[in-house]
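**Q** Here it is: the structure, laid out below.
The values are calculated or read from the model by the stated rules, or taken from the named source; none is laboratory data. Note that the structure is a prediction, hence the values are computed from the model and not measured. Cβ placement follows ideal geometry from the backbone for every residue including glycine, while neighbour counts extend to all protein chains displayed. Accessible surface areas use protein heavy atoms only, side chains included; no ligands, DNA or RNA. Shrake-Rupley method; radii C 1.70, N 1.55, O 1.52, S 1.80 Å.
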Amino acid sequence: MNETALSSLEEKFLMKVMRDAVIKSAGFLDAVYGDSNFVFLRNEKYISSVLNNPDISAVFTTEEIAARIKSDNIGIVVSDNPEKLFFEVHNYLVEEKFYGEDIENSISRTAVIADNVYIASNNVIIGENVVIEPNVSILGHVKIGNNCYIGAGTVLGGRGFKYYRDADVTIHMQQAGWTDIGDNVEILSNTCIERGIIDDTVIGENTMISSHVTISHGVKIGRGSAISAGAALAGAVEVDDGVWIGLNASVKQKVRIGEKAYICMGAVVTKNVEPGQKVSGNFAVEHEKNIANVKQIAGLQL
(Lines give C-alpha, C1' and ligand atoms only; values in the text may rest on other atoms or scores of the structure.)
Protein backbone atom coordinates (compact mmCIF):
# COMPACT_ATOMS: atom_id res chain seq x y z
CA MET A 1 0.00 0.00 0.00
CA ASN A 2 1.22 3.51 -0.81
CA GLU A 3 1.79 6.15 1.82
CA THR A 4 2.35 9.88 1.85
CA ALA A 5 2.83 12.72 4.31
CA LEU A 6 0.08 15.23 5.01
CA SER A 7 2.54 18.02 4.23
CA SER A 8 2.86 16.77 0.63
CA LEU A 9 -0.80 17.71 0.10
CA GLU A 10 -0.76 21.15 1.71
CA GLU A 11 -0.06 23.11 -1.47
CA LYS A 12 -2.87 21.35 -3.38
CA PHE A 13 -5.71 22.19 -0.97
CA LEU A 14 -6.95 24.99 1.27
CA MET A 15 -5.68 23.41 4.46
CA LYS A 16 -3.14 23.94 7.22
CA VAL A 17 -1.02 21.07 8.54
CA MET A 18 -0.53 21.71 12.26
CA ARG A 19 1.16 18.36 12.89
CA ASP A 20 2.48 16.18 10.06
CA ALA A 21 1.80 12.45 9.77
CA VAL A 22 1.97 9.59 7.30
CA ILE A 23 -1.34 8.47 5.80
CA LYS A 24 -2.22 5.34 3.82
CA SER A 25 -6.00 5.46 3.45
CA ALA A 26 -9.13 7.43 4.17
CA GLY A 27 -11.26 6.09 6.99
CA PHE A 28 -14.15 6.98 9.29
CA LEU A 29 -14.48 7.21 13.05
CA ASP A 30 -16.53 3.99 13.07
CA ALA A 31 -14.66 2.20 10.26
CA VAL A 32 -10.94 2.18 9.54
CA TYR A 33 -9.10 0.22 6.88
CA GLY A 34 -5.67 -1.11 7.76
CA ASP A 35 -3.43 1.38 9.53
CA SER A 36 -2.54 5.06 9.10
CA ASN A 37 -6.05 6.22 8.23
CA PHE A 38 -7.04 9.88 7.98
CA VAL A 39 -10.53 10.84 9.19
CA PHE A 40 -12.59 13.99 9.63
CA LEU A 41 -13.89 15.23 12.97
CA ARG A 42 -16.71 17.78 13.30
CA ASN A 43 -17.70 17.28 16.94
CA GLU A 44 -15.38 17.45 19.93
CA LYS A 45 -17.29 14.71 21.76
CA TYR A 46 -15.66 12.19 19.41
CA ILE A 47 -12.07 13.22 20.19
CA SER A 48 -11.66 10.11 22.34
CA SER A 49 -12.65 7.93 19.36
CA VAL A 50 -9.66 9.35 17.48
CA LEU A 51 -7.21 9.13 20.38
CA ASN A 52 -8.19 5.55 21.30
CA ASN A 53 -7.84 4.12 17.78
CA PRO A 54 -4.21 3.29 16.93
CA ASP A 55 -5.09 2.88 13.24
CA ILE A 56 -6.01 6.57 12.89
CA SER A 57 -2.86 8.58 12.17
CA ALA A 58 -4.39 11.92 11.18
CA VAL A 59 -7.53 13.97 11.64
CA PHE A 60 -9.05 16.77 9.56
CA THR A 61 -10.83 19.16 11.90
CA THR A 62 -11.43 22.79 12.88
CA GLU A 63 -9.03 25.02 14.81
CA GLU A 64 -11.26 24.92 17.90
CA ILE A 65 -11.31 21.13 18.06
CA ALA A 66 -7.62 20.83 17.10
CA ALA A 67 -6.71 22.82 20.20
CA ARG A 68 -8.28 20.08 22.34
CA ILE A 69 -6.31 17.22 20.74
CA LYS A 70 -3.25 16.91 22.96
CA SER A 71 -1.70 13.70 21.62
CA ASP A 72 1.57 14.05 19.69
CA ASN A 73 0.79 10.80 17.85
CA ILE A 74 -2.06 12.25 15.76
CA GLY A 75 -1.45 14.35 12.68
CA ILE A 76 -3.71 17.39 12.50
CA VAL A 77 -5.05 19.26 9.48
CA VAL A 78 -7.12 22.39 10.09
CA SER A 79 -9.85 23.51 7.72
CA ASP A 80 -13.01 25.61 7.86
CA ASN A 81 -14.84 22.59 6.39
CA PRO A 82 -12.97 19.40 7.38
CA GLU A 83 -15.58 17.00 5.96
CA LYS A 84 -15.49 18.59 2.51
CA LEU A 85 -11.68 18.62 2.60
CA PHE A 86 -11.67 14.93 3.56
CA PHE A 87 -13.75 14.05 0.48
CA GLU A 88 -11.58 16.22 -1.78
CA VAL A 89 -8.32 14.67 -0.55
CA HIS A 90 -9.64 11.12 -0.87
CA ASN A 91 -10.87 11.78 -4.42
CA TYR A 92 -7.53 13.33 -5.36
CA LEU A 93 -5.70 10.24 -4.08
CA VAL A 94 -8.02 7.97 -6.11
CA GLU A 95 -7.34 9.98 -9.27
CA GLU A 96 -3.60 9.83 -8.61
CA LYS A 97 -3.78 5.99 -8.34
CA PHE A 98 -2.60 6.23 -4.74
CA TYR A 99 -4.75 3.26 -3.72
CA GLY A 100 -3.62 1.08 -6.62
CA GLU A 101 -2.63 1.15 -10.29
CA ASP A 102 -4.87 -0.04 -13.11
CA ILE A 103 -4.35 -3.59 -14.37
CA GLU A 104 -5.06 -5.23 -17.71
CA ASN A 105 -8.21 -7.32 -18.09
CA SER A 106 -7.89 -11.07 -17.60
CA ILE A 107 -10.82 -13.03 -19.04
CA SER A 108 -10.78 -16.82 -19.19
CA ARG A 109 -11.28 -18.38 -22.62
CA THR A 110 -13.83 -20.73 -21.06
CA ALA A 111 -16.12 -17.87 -20.02
CA VAL A 112 -19.38 -17.68 -22.00
CA ILE A 113 -20.20 -14.01 -22.47
CA ALA A 114 -23.20 -12.67 -24.42
CA ASP A 115 -22.41 -10.35 -27.33
CA ASN A 116 -23.92 -7.20 -25.81
CA VAL A 117 -22.24 -7.39 -22.40
CA TYR A 118 -20.32 -4.23 -21.49
CA ILE A 119 -16.88 -4.86 -19.97
CA ALA A 120 -14.63 -2.00 -18.86
CA SER A 121 -11.34 -1.64 -20.71
CA ASN A 122 -9.23 -2.51 -17.65
CA ASN A 123 -9.45 -3.82 -14.07
CA VAL A 124 -11.71 -6.78 -14.85
CA ILE A 125 -10.89 -10.41 -13.98
CA ILE A 126 -13.25 -13.19 -15.09
CA GLY A 127 -12.55 -16.81 -14.10
CA GLU A 128 -13.20 -20.14 -15.76
CA ASN A 129 -16.62 -21.41 -16.84
CA VAL A 130 -18.39 -18.15 -16.04
CA VAL A 131 -21.71 -17.50 -17.82
CA ILE A 132 -22.68 -13.87 -18.37
CA GLU A 133 -26.09 -13.18 -19.89
CA PRO A 134 -27.14 -10.25 -22.15
CA ASN A 135 -27.12 -6.60 -21.05
CA VAL A 136 -24.80 -7.13 -18.10
CA SER A 137 -22.51 -4.18 -17.30
CA ILE A 138 -19.12 -4.82 -15.68
CA LEU A 139 -17.88 -1.35 -14.84
CA GLY A 140 -14.32 -2.02 -13.76
CA HIS A 141 -12.48 -3.12 -10.63
CA VAL A 142 -14.50 -6.33 -10.71
CA LYS A 143 -13.21 -9.85 -10.07
CA ILE A 144 -15.48 -12.81 -10.86
CA GLY A 145 -14.38 -16.24 -9.65
CA ASN A 146 -14.79 -19.60 -11.37
CA ASN A 147 -18.11 -21.26 -12.25
CA CYS A 148 -20.25 -18.18 -11.67
CA TYR A 149 -23.53 -17.21 -13.33
CA ILE A 150 -24.39 -13.53 -13.90
CA GLY A 151 -28.00 -12.93 -14.95
CA ALA A 152 -29.25 -10.52 -17.62
CA GLY A 153 -29.21 -6.82 -16.82
CA THR A 154 -27.04 -7.08 -13.75
CA VAL A 155 -24.58 -4.26 -12.97
CA LEU A 156 -21.28 -5.09 -11.26
CA GLY A 157 -18.90 -2.47 -9.91
CA GLY A 158 -21.41 0.38 -9.91
CA ARG A 159 -20.94 3.73 -8.22
CA GLY A 160 -21.39 3.79 -4.45
CA PHE A 161 -23.94 6.08 -2.80
CA LYS A 162 -21.63 8.16 -0.59
CA TYR A 163 -21.59 11.96 -0.86
CA TYR A 164 -20.63 15.21 0.79
CA ARG A 165 -23.51 17.66 0.40
CA ASP A 166 -24.18 21.24 1.39
CA ALA A 167 -26.17 24.11 -0.09
CA ASP A 168 -23.50 24.91 -2.66
CA VAL A 169 -21.89 21.63 -3.73
CA THR A 170 -22.26 17.87 -3.91
CA ILE A 171 -19.08 15.76 -3.94
CA HIS A 172 -19.29 12.05 -4.76
CA MET A 173 -16.79 9.91 -2.82
CA GLN A 174 -14.92 8.03 -5.51
CA GLN A 175 -14.29 4.30 -5.25
CA ALA A 176 -10.89 2.90 -4.40
CA GLY A 177 -11.99 -0.71 -3.77
CA TRP A 178 -13.11 -3.62 -5.93
CA THR A 179 -16.14 -5.87 -6.31
CA ASP A 180 -14.81 -9.36 -5.53
CA ILE A 181 -17.13 -12.27 -6.36
CA GLY A 182 -16.05 -15.72 -5.19
CA ASP A 183 -16.31 -19.09 -6.94
CA ASN A 184 -19.67 -20.77 -7.64
CA VAL A 185 -21.75 -17.64 -7.10
CA GLU A 186 -25.10 -17.24 -8.86
CA ILE A 187 -26.53 -13.76 -9.41
CA LEU A 188 -29.90 -13.48 -11.14
CA SER A 189 -31.20 -10.68 -13.36
CA ASN A 190 -31.14 -6.91 -12.75
CA THR A 191 -29.14 -7.02 -9.54
CA CYS A 192 -26.77 -4.15 -8.68
CA ILE A 193 -23.55 -4.71 -6.74
CA GLU A 194 -21.56 -1.57 -6.00
CA ARG A 195 -17.79 -1.34 -5.97
CA GLY A 196 -16.16 -0.68 -2.60
CA ILE A 197 -15.35 2.93 -1.79
CA ILE A 198 -12.24 2.26 0.32
CA ASP A 199 -12.15 -1.49 0.91
CA ASP A 200 -13.71 -4.15 -1.34
CA THR A 201 -17.28 -5.33 -1.73
CA VAL A 202 -17.04 -9.11 -1.29
CA ILE A 203 -19.46 -11.92 -2.25
CA GLY A 204 -18.39 -15.23 -0.72
CA GLU A 205 -18.25 -18.50 -2.63
CA ASN A 206 -21.38 -20.60 -3.14
CA THR A 207 -23.65 -17.64 -2.44
CA MET A 208 -26.97 -17.27 -4.28
CA ILE A 209 -28.37 -13.81 -5.06
CA SER A 210 -31.81 -13.42 -6.61
CA SER A 211 -33.15 -10.73 -8.98
CA HIS A 212 -33.45 -7.00 -8.24
CA VAL A 213 -31.13 -7.12 -5.24
CA THR A 214 -29.06 -4.07 -4.22
CA ILE A 215 -25.71 -4.68 -2.54
CA SER A 216 -24.00 -1.44 -1.60
CA HIS A 217 -20.37 -0.42 -1.30
CA GLY A 218 -18.15 -2.33 1.09
CA VAL A 219 -20.69 -5.07 1.89
CA LYS A 220 -19.11 -8.39 2.93
CA ILE A 221 -21.17 -11.55 2.34
CA GLY A 222 -19.88 -14.86 3.64
CA ARG A 223 -19.93 -18.28 2.04
CA GLY A 224 -23.10 -20.16 1.23
CA SER A 225 -25.56 -17.35 1.92
CA ALA A 226 -28.81 -16.72 0.04
CA ILE A 227 -30.37 -13.33 -0.69
CA SER A 228 -33.93 -13.22 -2.01
CA ALA A 229 -35.40 -10.93 -4.65
CA GLY A 230 -35.72 -7.24 -3.86
CA ALA A 231 -33.49 -7.27 -0.78
CA ALA A 232 -31.35 -4.18 -0.16
CA LEU A 233 -28.14 -4.12 1.87
CA ALA A 234 -26.74 -0.67 2.68
CA GLY A 235 -23.05 0.18 2.84
CA ALA A 236 -20.54 -1.84 4.88
CA VAL A 237 -23.03 -4.50 6.02
CA GLU A 238 -21.33 -7.73 7.14
CA VAL A 239 -23.12 -11.02 6.45
CA ASP A 240 -21.54 -14.16 7.90
CA ASP A 241 -21.67 -17.65 6.36
CA GLY A 242 -24.92 -19.47 5.67
CA VAL A 243 -27.30 -16.54 6.15
CA TRP A 244 -30.78 -16.34 4.60
CA ILE A 245 -32.12 -12.87 3.72
CA GLY A 246 -35.76 -12.91 2.68
CA LEU A 247 -37.79 -11.23 -0.02
CA ASN A 248 -37.65 -7.39 0.06
CA ALA A 249 -35.74 -7.27 3.36
CA SER A 250 -33.76 -4.09 4.08
CA VAL A 251 -30.55 -3.96 6.10
CA LYS A 252 -29.19 -0.71 7.57
CA GLN A 253 -25.58 0.31 6.93
CA LYS A 254 -22.80 -1.23 9.06
CA VAL A 255 -25.07 -3.89 10.58
CA ARG A 256 -23.59 -7.35 11.15
CA ILE A 257 -25.67 -10.48 10.55
CA GLY A 258 -24.32 -13.56 12.31
CA GLU A 259 -23.72 -17.02 10.89
CA LYS A 260 -26.83 -18.95 9.81
CA ALA A 261 -29.15 -16.14 10.83
CA TYR A 262 -32.55 -15.91 9.12
CA ILE A 263 -33.99 -12.56 8.02
CA CYS A 264 -37.68 -12.93 7.19
CA MET A 265 -39.26 -11.33 4.14
CA GLY A 266 -39.90 -7.62 4.44
CA ALA A 267 -37.83 -7.26 7.61
CA VAL A 268 -36.20 -3.89 8.30
CA VAL A 269 -32.94 -4.70 10.07
CA THR A 270 -31.47 -1.77 12.00
CA LYS A 271 -29.21 -3.53 14.52
CA ASN A 272 -26.90 -6.54 14.63
CA VAL A 273 -28.43 -10.02 14.32
CA GLU A 274 -26.93 -12.81 16.41
CA PRO A 275 -25.75 -16.13 14.89
CA GLY A 276 -28.70 -18.44 14.31
CA GLN A 277 -31.24 -15.76 15.20
CA LYS A 278 -34.47 -15.41 13.21
CA VAL A 279 -35.83 -11.86 12.94
CA SER A 280 -38.86 -10.26 11.31
CA GLY A 281 -40.88 -7.07 11.33
CA ASN A 282 -40.31 -3.32 11.03
CA PHE A 283 -38.12 -2.74 12.94
CA ALA A 284 -36.85 -6.32 12.95
CA VAL A 285 -36.84 -8.19 16.27
CA GLU A 286 -36.72 -11.86 17.27
CA HIS A 287 -39.33 -13.56 15.08
CA GLU A 288 -41.40 -15.08 17.91
CA LYS A 289 -41.48 -11.72 19.71
CA ASN A 290 -42.65 -10.03 16.51
CA ILE A 291 -45.48 -12.56 16.08
CA ALA A 292 -46.55 -12.03 19.70
CA ASN A 293 -46.54 -8.26 19.16
CA VAL A 294 -48.65 -8.59 16.02
CA LYS A 295 -51.15 -10.81 17.84
CA GLN A 296 -51.35 -8.35 20.72
CA ILE A 297 -52.00 -5.42 18.38
CA ALA A 298 -54.59 -7.43 16.48
CA GLY A 299 -56.32 -8.28 19.75
CA LEU A 300 -56.45 -4.66 20.85
CA GLN A 301 -58.10 -3.72 17.57
CA LEU A 302 -60.87 -6.36 17.82
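**Q** Return, ordered by residue number, the residues of the stretch 237-263 whose backbone nitrogen is under 17 Å from a label point located 7 Å along Cα→Cβ of residue 274.
**A** It comes to 240, 256-263, nothing else.
**Q** Report the gain in length on full extension from residue 7 to residue 291: 0.36 nm times residue separation, minus Cα-Cα distance, nm rounded to one decimal. Before the final figure, lay out the partial values.
**A** Values: separation 284, 0.36 × 284 = 102.24 nm, distance 5.81 nm.
Between residue 7 and residue 291, full extension yields an extra 96.4 nm.
**Q** Based on alpha-carbon centroids, what's the gap between the stretch 253-291 and the stretch 1-19 in Å, whole number please?
**A** 43
**Q** With +1 assigned to the C-beta of every Lys and Arg and -1 to the C-beta of every Asp and Glu, and no other charges, what is the dipole magnitude of the stretch 1-102 about the Cα centre in debye, to the nearest 20? Don't skip to the answer; put the middle values down first.
**A** Values: 10 positive and 18 negative charges, 75 e Å.
Roughly 360 debye for the stretch 1-102.
**Q** Determine the per residue accessible area of the chain with all protein chains present and a 1.4 angstrom probe, expressed in square angstrom.
**A** Per-residue accessible area for the chain comes out at 50 Å².
**Q** Next up: Taking 8 Å as the Cα distance limit and 6 or more residues as the minimum spacing, I'd like the relative contact order of the stretch 38-101 as a percentage. Walk me through the numbers on the way to the answer.
**A** On the way: 75 pairs, mean separation 20.6, N = 64.
Result for the stretch 38-101 is 32 percent.
**Q** Can you give me the long-range amide H partners of residue 225? Hydrogens built in the peptide plane at 1.01 Å from N, cutoff under 5 Å, separation of 5 or more residues or another chain.
**A** Counting only residues 5 or more places away or on other chains, the set is 207, 208, 242, 243.
**Q** How large is the helix-only mean residue ellipticity at 222 nm for the chain, computed as the sum of -39500 (n - 2.57) over DSSP H runs with n ≥ 4, divided by its residue count, in deg cm²/dmol to the nearest 500?
**A** The helix-only estimate for the chain comes to -3500 deg cm²/dmol at 222 nm.
**Q** Further question on the same structure: Using a 1.4 Å probe over the heavy atoms of the protein chains, calculate the carbon and sulfur portion of the accessible area of the chain as a whole percent. Present the calculation step by step, with values, prior to reporting the outcome.
**A** Values: 7080 of 14990 Å².
Ligands and nucleic acids excluded, carbon and sulfur give 47 percent.
**Q** Any chance you could give the angle, 0 to 90 degrees and rounded to 10, that helix 287-301 forms with the longest Cα principal axis of the chain?
**A** With both axes taken from Cα atoms, the answer is about 80 degrees.
**Q** Just how far, in whole angstrom, is the stretch 215-243 from the stretch 58-113 if you go by their alpha carbon centroids?
**A** 25
**Q** Mind pulling the angle between the C-alpha long axis of helix 82-95 and the longest principal axis of the chain? Nearest 10 degrees, somewhere in 0 to 90.
**A** 70
**Q** Please compare each pair in 24/260; 162/220; 84/278 to a cut-off of 29 Å on the Cα-Cα distance and tell me which ones are over it.
**A** Beyond 29 Å: 24/260; 84/278.
**Q** How high is the relative contact order of the chain, in percent, with contacts defined as C-alpha pairs under 8 Å that are six or more residues apart? Walk me through the numbers on the way to the answer.
**A** On the way: 861 pairs, mean separation 24.3, N = 302.
Here the relative contact order equals 8 percent.
**Q** When the chain is modelled as a GNM with alpha-carbon springs shorter than 10 Å, which of 217, 141, 172 fluctuates the most?
**A** Among 217, 141, 172, the largest mean-square fluctuation in the Gaussian network model of the chain belongs to 172.
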